[in-house]
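Asks: Next up is a structure, given as structure tokens.
The values are calculated or read from the model by the stated rules, or taken from the named source; none is laboratory data. This is a predicted model, so every value here is computed, not measured. Here the Cβ is made from the backbone with ideal geometry for all residues, glycine too, and neighbour counts use every protein chain on show. Just so you know, the surface numbers come from the protein's heavy atoms only, side chains and all, with ligands and any DNA or RNA stripped out. Shrake-Rupley method; radii C 1.70, N 1.55, O 1.52, S 1.80 Å.
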Amino acid sequence: MKTPIPAESVSVSEPASESARPVLELDRLSVRFRMRGGRYVAAVTDATLALAPGECLALVGESGCGKSVLASALLGLLPGNAETAGSARLADGTDLLALDERTLARSIRGRRVALVPQSPAAHLTPVRTIRSHLEETVRELTGAGRRPRAELREAAEAAAERAAFPATHLDRHPHELSGGLAQRAATALALIGDAPLLLADEPTTGLDRDLVHRTVDELRAHTRDAGRALLMITHDLAAAHRIADTVAVMYAGRIVETAPAEAFFGAPGPRHPYARGLLEALPERAFTPIPGAPPELGALPPGCAFAARCPRADSRCRAERPLLTEGVACHHA
């Protein structure tokens, strides 16, 4: 459990039956890092989201905007200089931010919340084969310790097949895999426990387009068919379009727009200028990059963080930060 960010108040959800609650509900989740000299860097600020059973939410934005920090906060994987505030509740009301490391390790990770990590090679033991990783995970998460070895082997191979990991590579070690194969191995491991909530951090990195389609289709089926929820962090808007029910756009640590995927990618389209810029930068659209670069998280401007790059910015934008209202944080939406 990380040090909490001092706050005057933290909102608390009303009690509700587990079946009536979202699979995951974030209420003003914030993460900041203590730096040398007593300085703080706010990586995530006031993230508020809810994922219903069967829903896939794609969290999109440029690198460094705080997407992966948010996912790490949910599983207690932040470094020691991190401080958190707000809440991140599961369907039974469990606040992930309030749990200690022992509880997270024994009861949450893999069982109730699974992760496809952004850097899969770093999460694989280098001296063990992929088959060994899969068999151990099956044994730990499905209670298969007393099953015959042949059944354990079959379950591991089935998990690999779900993630399009080739059977011919199961007896290889992580360093013998390409980046795309390591990504598929990590996806296979995350799907084994059938956790109600799956966090997928750039799950299509290193994959060709056909495998991207297969991976997101499998993740979508995994979510929809059993009433699970998927939070997919990605910069691949084509993959987000294929899989998402809802899109949330993050910029400089804040969520600046949330919208149904159909409206976001179709009509009427994004309402925030940054979100529109992301779509217009796609090759199949205008292929026009957003000018400039995001601000440093440790030196954010007083107003809208996007103002310096926004063609619609005015004096109000530069002085007053817009609040997220009706799904968008923009004075001109």
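Asks: List every residue pair whose Cβ atoms lie under 6 Å apart, where the two residues are 6 or more positions apart in sequence or sit on different chains, the first residue falls within the range 206-229 and is at negative phi, and the second residue, located anywhere, is crowded, with 16+ Cβ neighbours inside 10 Å and of a type in the set (D, E).
Replies: Between residues of the range 206-229 that are at negative phi and residues that are crowded, with 16+ Cβ neighbours inside 10 Å and of a type in the set (D, E), the close pairs are A229/E55.
Asks: Looking for something open to solvent by less than 40 Å² (accessible area, probe 1.4 Å) and farther than 22 Å from G180 by Cα - is there at least one such residue anywhere in the range 117-135?
Replies: no
Asks: Might you check whether a residue that is open to solvent by less than 10 Å² (accessible area, probe 1.4 Å) and closer than 22 Å to P196 by Cα occurs anywhere in the range 32-46?
Replies: Within the range 32-46, not a single residue is open to solvent by less than 10 Å² (accessible area, probe 1.4 Å) and closer than 22 Å to P196 by Cα.
Asks: Mind listing just one residue for me: the one in the range 290-308 that is open to solvent by less than 20 Å² (accessible area, probe 1.4 Å) and either assigned to a loop (DSSP other than H, G, I, E, B) or in contact with a Gly (Cβ under 7 Å, 6 or more places away or on another chain) (or both) and, of those, nearest to R254 (Cα to Cα)?
Replies: F306
Residues are listed down the side, and each one gets a yes or a no for (1) among the hydrophobic types (A, V, I, L, M, F, W, C); (2) on the phi < 0 side of the Ramachandran plot:
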residue	(1), (2)
A239	yes, yes
A244	yes, yes
A248	yes, yes
I255	yes, yes
P291	no, yes
A305	yes, yes
A308	yes, yes
L323	yes, yes
E326	no, no
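Asks: Return the residues of the range 147-187 that are free of Cβ contacts under 8 Å to residues at least 12 places away in the same chain and either under 20 Å from L115 (Cα atoms) or among the hydroxyl-bearing types (S, T, Y) (or both); say none if nothing qualifies.
Replies: Listed by number, the residues that qualify are A158, E161, T168.
Asks: When you go through (1) of a type outside the set (D, E, K, R); (2) on the phi < 0 side of the Ramachandran plot; (3) open to solvent by 70 Å² or more (accessible area, probe 1.4 Å) one by one for F287, which number turns out not to apply?
Replies: Going through (1) of a type outside the set (D, E, K, R); (2) on the phi < 0 side of the Ramachandran plot; (3) open to solvent by 70 Å² or more (accessible area, probe 1.4 Å) one by one, F287 breaks only (2).
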